[in-house]
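Shown next, in structure tokens, is the structure this report addresses.
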């Protein structure tokens, strides 16, 4: 069965068609990165307006990329439409939800609500046919950092989440502090390659009493370090590179060590690392190296599937229908929900 997915939770407008939850037929993403760069962060009102401007074009491009037209009769092979129902920005979610609901009505297709974080978890399965539950999943992005046991399709136990800043959010804030560009993750990674990861002693906030994360402490330490050396940083670009490398190393160590410790504790031989921050090369290298040393197989989507996309939403939609989870009426007032949490189906 082919499922059409729609994603608009933040600042990417995306539509995709996926067959049997695994095979990507078409995957189109329109990014708003340049629009929000001047504000050094996503402006919700601008994001929702941009979704409105882009959604029809992205929808038609995705259909034509799959060999379909836009007329109702052209979508006979499409079995359902799935759409991100949360979490995310309310205005952005509402735009995608309304579009998908309308499309489901026009084309006579079931409408399947999908949790955005579940989408990230399923993204790893789009490129790894052998990957299936059970496994441990780390979702690490600009808005979320969550660690969850995935016992089966739609069967989860959330072990921990960030208590304050998400990992990606911390990258953005430190980048802004250093006068770098938005988004902060890629530019910090680039400068960190030429820096000393032990140049600045940032404490790793492991919090071993539970599986939660906290990155506000590292961010605050960076603020104080930069504030006390502002003139030196302006004169010495190498110091800026050392700050980037040390900050990145502290965040990555925290994510990798805690996730792999959880995998050992709960006897999970497979770990999925997903979300926008999973595109970071240093994080990918460390997870694969340390996981391999422990005999743990680590699965990370390609960079294009780490960031927000609709293929992952279509994949979840397929498995929800396959597992007997009914679609919903288009006017269901539970969705969209900007604070939607991962729950069992």
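Read the figures in this text as sums done on the coordinates, not as results from a lab. From a predicted model like this one, the values you see are computed outputs, not experimental measurements. FYI the Cβ positions are ideal-geometry reconstructions off the backbone, even for glycines, and counts take in every protein chain you see.
Here are the numbers for the structure shown:
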quantity: Degrees between helix 167-177 axis and first principal axis of the chain (Cα, 0 to 90, nearest 10); calculated: 50 degrees
quantity: Three-way shape label, segment 1-141, alpha-carbon gyration tensor, a/c 1.5; calculated: oblate
quantity: Centroid-to-centroid separation of segment 111-175 and segment 263-322 [C-alpha atoms, Å]; calculated: 8 Å
quantity: Nearest-ten-degree value, helix 281-293 long axis tilted from longest Cα axis of the chain; calculated: 90 degrees
quantity: Packing-based exposure ordering (other Cβ within 10 Å, fewest first) of 165, 257; calculated: 257, 165
quantity: Relative contact order of segment 130-300, defined on C-alpha pairs under 8 angstrom at six or more residues apart (%); calculated: 26 percent
quantity: With Cα atoms, 0 to 90° folded angle of helix 216-228 axis to the chain main axis; calculated: 50 degrees
quantity: Sites residue 227 and residue 43 - FRET efficiency at Förster radius 30 Å, r taken between beta-carbons, to 0.05; calculated: 0.65
quantity: In range of the label at residue 34: residues from segment 57-77 whose backbone nitrogen is under 18 Å from the point 7 Å along Cα→Cβ; calculated: 57-58
quantity: Gain on full stretching of the segment that runs from residue 237 to residue 193 - 0.36 nm per residue minus C-alpha separation; calculated: 14.5 nm
quantity: Exposure proxy order (Cβ contacts within 10 Å, fewest to most) of 83, 200; calculated: 200, 83
quantity: Over the chain: helical MRE at 222 nm, DSSP H runs n ≥ 4 each giving -39500 (n - 2.57), nearest 500; calculated: -13500 deg cm²/dmol
quantity: For 211, 97, order by how many other beta-carbon atoms lie within 10 Å, fewest first; calculated: 211, 97
quantity: Efficiency of FRET from Cβ geometry, residue 341 and residue 261, R₀ 35 Å, rounded to 0.05; calculated: 0.90
quantity: Cα-based shape type of the chain, given that a ≥ b ≥ c are square roots of the gyration tensor eigenvalues and the cut on a/c is 1.5; calculated: prolate
